[in-house]
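Have a look at the structure below, then the notes.
The values are calculated or read from the model by the stated rules, or taken from the named source; none is laboratory data. Owing to the predicted nature of the structure, the values given are computational and were not obtained by experimental measurement. Please note: Cβ atoms are built from the backbone with ideal geometry, for glycine as well, and neighbour counts cover all protein chains shown.
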Amino acid sequence: MAYLLGIDIGTSGTKTVLFDEKGNSIASSLREYPLYQPKNGWAEQDPEDWWNAVCGTINDVISKSGINSADIKGVGLSGQMHGAVLLDKEHKVLRKAIIWCEQRSSAECDEITNTIGKERLIEITANPALTGFTASKILWVKNNEPEIFDKVEKILLPKDYIRFRLTGEFATEVSDASGMQLMDIPKRCWSDEVISKLGLRKSMLGELYESYEVTGKVHKQAAELTGLKEGTPVVGGAGDQAAGAVGNGIVRSGIVSSTIGTSGVVFAFSENVSIDPKGRVHTFCHAVPNTWHIMGVTQAAGLSLKWFRDNLCKDEMATADLMKIDPYILMDQAAEKVPVGANGIVYLPYLMGERTPHLDPDARGVFFGLSAKHEKQDLLRAVMEGVVYSLKDCFEIIKEMGVDVKEVRASGGGGKSKLWRQMQSDVFGTEITTINSSEGPALGVALLAGVGTGVYSSVPEACDAVIKVVTRQNPDMSANSKYQKVYGIYKQLYKSLSNDYKELSKILNDN
């Protein structure tokens, strides 16, 4: 029996899962680490925390499974996208990594746009300049920490730093590299024009691979630390969204995924490069060779519910601990008691600014419609509904671009909630399905590892072999009718507040 290892270096923690060739999860392990926010809108993590979590979780799954590590045929890496890990000539980390939900680099986005040209930038990179992307983070360091930038020898994405620690190779792959804003997306290669005009060197970047290709092999020191066999192949893998899409079977036209993780993503497969001229959604290379994907992103989806849990649900967390259950189960039960529309509360989930459709780093979260009659459970339901409205924003743009949608698959931590899935079905007005695995990105990159090492012949063939639909939820059209009315208010609220967001940001920055 062949085994495949999927490692997902996420924002809240690293999850490592061991699969057999039929896609069955044999063992899994999760280790969390902190997020540092030294200023409002900033977000950083320590790459050493990622590496320690990777070593620990690999050892855990090998120990739990009882298998011989020689039977692990390949390793796939998934990771949070857009982060900037900066290494010096000795390959030491120069500073904490600035990660995807970071908002400090709006001036650098203007610099990129002015340097490359707005239309030319979209023509090459398929996206406007965004604070979330890696290029603006690099320029922020160049402009604000020149003593660090002068020492930069290599620039890596989070999962690619882990690849370096496992294999000693500086490499990346097309799906994750697409979010750096340094690639020619239609041609699937680094853009010499963008890199040179931004004052960078191509030698700073890793060698670029397709997602299933073998990029290196586990070296002796990494084998000793992780328990893997020296020489185990490590494939390109994928950014977390493309990896999750493979793990969810989004590898053909007509199937769209709706993922609620820390961020929220609506993801659609495309056989051709399709670019939104307004720049509201992202077009990246997919992990399936010679295909692309369209992706709408809302910054604080699951993060909104986690924020609510951590700050306002201490009692539920304590009760869940005593009952040995997930506190989100109790939160779902409370939210289910509240009618559609959250008794008139509308939540805007802009805790970390927003990407789709507003591209606004200054946007912030809002509870609208509060009155003395409201209780905590009303706020809770409003948070869940507001996240779904933000996903609908993404969904509507993708449909507007002519994407064929026959099926929507729910995934991510939020996809485990039957209530949240039903909200999506009701708000979107379409059937929501789930598949037989909830491992998402870890499964996706394990399948890519299987393709790269010959276990499967292609990415679609790998998905066909292991992925099956197991649940279907149909929309309640009476709920849909009410949701459409509230969604109209939701959309109008951003327009009403957009200037106020900017004024508040100025006040905070002045202090």
*Some residue of region 179-193 being within 16 Å of the chain's Cα centre (by Cα) and either in a strand (DSSP E or B) or not polar (S, T, N, Q) (or both)*: yes
_Close pairs from region 435-452: first on the phi > 0 side of the Ramachandran plot, partner outside any loop (DSSP other than H, G, I, E, B), Cβ under 7 Å, at least 6 apart_ = Gly440/Gly244; Gly440/Gly247; Gly440/Ser411
*Could you tell me whether region 103-116 includes any residue that is without any contact (Cβ under 8 Å) to a residue 60 or more places away in the chain, part of a loop (DSSP other than H, G, I, E, B) and crowded, with 22+ Cβ neighbours inside 10 Å?*
yes
*Tally the residues that are among the hydrophobic types (A, V, I, L, M, F, W, C) and assigned to a helix (DSSP H, G or I), restricting the search to region 203-216.*
1
_Condition first: among the hydrophobic types (A, V, I, L, M, F, W, C), closer than 22 Å to Ile195 by Cα and in a loop (DSSP other than H, G, I, E, B). Now tell me which residues in region 90-102 satisfy that._
Leu94, Ile99, Trp100
*Identify, from the list Leu200, Leu166, the residue that is outside any helix (DSSP H, G or I), assigned by TED's automatic domain parsing to the domain that holds Leu86 and not polar (S, T, N, Q).*
Leu200
_Unmet requirement for Ser458, which otherwise passes all of (1) surrounded by fewer than 15 Cβ atoms within 10 Å (Cβ to Cβ); (2) in contact (Cβ under 8 Å) with a residue 24 or more places away in the chain; (3) over 30 Å from Val338 (Cβ atoms)_ = (2)
*Where a residue in region 257-286 is free of Cβ contacts under 8 Å to residues at least 60 places away in the same chain and its partner, wherever it lies, is surrounded by 24 or more Cβ atoms within 10 Å (Cβ to Cβ) and β-branched (Val, Ile, Thr), with Cβ under 7 Å and at least six apart*: Phe267/Ile250; Phe267/Val256; Phe267/Thr259; Phe269/Ile250; Phe269/Val251
*Hey, can you tell me all the residues within region 412-457 that are more than 12 Å from Leu5 (Cα to Cα), assigned to a helix (DSSP H, G or I) and among the small types (Gly, Ala, Ser)?*
Gly413, Gly414, Gly415, Ser425, Gly452
_Single condition Gly452 does not satisfy, out of (1) farther than 29 Å from Leu419 by Cα; (2) more than 25 Å from the chain's Cα centre (by Cα); (3) at pLDDT 95 or above_ = (2)
_Unique residue being free of Cβ contacts under 8 Å to residues at least 60 places away in the same chain and among the β-branched types (Val, Ile, Thr) when the list is Thr57, Thr131, Thr125_ = Thr57
*Could you list all residues from region 139-160 that are more than 20 Å from Cys285 (Cβ to Cβ) and not in a loop (DSSP other than H, G, I, E, B)?*
Leu139, Trp140, Val141, Lys142, Asn143, Asn144, Pro146, Glu147, Ile148, Phe149, Lys154
*Read through the list (1) of a type outside the set (Val, Ile, Thr); (2) part of a helix (DSSP H, G or I); (3) farther than 16 Å from Ile9 by Cβ, then give the number of the only condition that Ala242 fails.*
(3)
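Give the residue that is surrounded by the fewest Cβ atoms within 10 Å (Cβ to Cβ), with candidates limited to residues of region 1-60 that are among the charged types (D, E, K, R) and part of a helix (DSSP H, G or I). Talk me through it step by step, then tell me what you get.
Here is the first cut: in region 1-60, the residues among the charged types (D, E, K, R) are 8, 15, 20-22, 31-32, 39, 44, 46, 48-49, 60.
Retained after the next criterion (residues that are part of a helix (DSSP H, G or I)): 48-49, 60.
Details: Glu48: 13, Asp49: 20, Asp60: 18.
Out of the qualifying residues, it is Glu48.
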*asked:* Just the residues that are β-branched (Val, Ile, Thr) and in a strand (DSSP E or B), please, taken from region 348-407.
replied: Val366, Val405
*Residues in region 70-77: is at least one outside any strand (DSSP E or B), crowded, with 23+ Cβ neighbours inside 10 Å and not aromatic (Phe, Trp, Tyr)?*
no
*Take region 470-511 and flag every residue that is part of a strand (DSSP E or B) and either surrounded by 14 or more Cβ atoms within 10 Å (Cβ to Cβ) or of a type in the set (S, T, N, Q) (or both).*
Thr471, Gln473
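Would you mention how many residues in region 355-370 are under 16 Å from Ala382 (Cα atoms) and not small (Gly, Ala, Ser)?
Keep residues of region 355-370 that are under 16 Å from Ala382 (Cα atoms), which gives 364-370.
Remaining after also requiring not small (Gly, Ala, Ser): 364, 366-368, 370.
Within region 355-370, residues that are under 16 Å from Ala382 (Cα atoms) and not small (Gly, Ala, Ser) number 5.
Just the residues that are in contact with a helix residue (DSSP H, G or I) (Cβ under 6 Å, 6 or more places away or on another chain) and in a strand (DSSP E or B), please, taken from region 78-89.
Residues of region 78-89 in contact with a helix residue (DSSP H, G or I) (Cβ under 6 Å, 6 or more places away or on another chain): 78-85.
Correct list: Ser78, Gly79, Ala84, Val85.
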*Among the residues of region 399-427, which ones are buried (at least 17 other Cβ atoms within 10 Å of the Cβ) and acidic (Asp, Glu)?*
Asp426
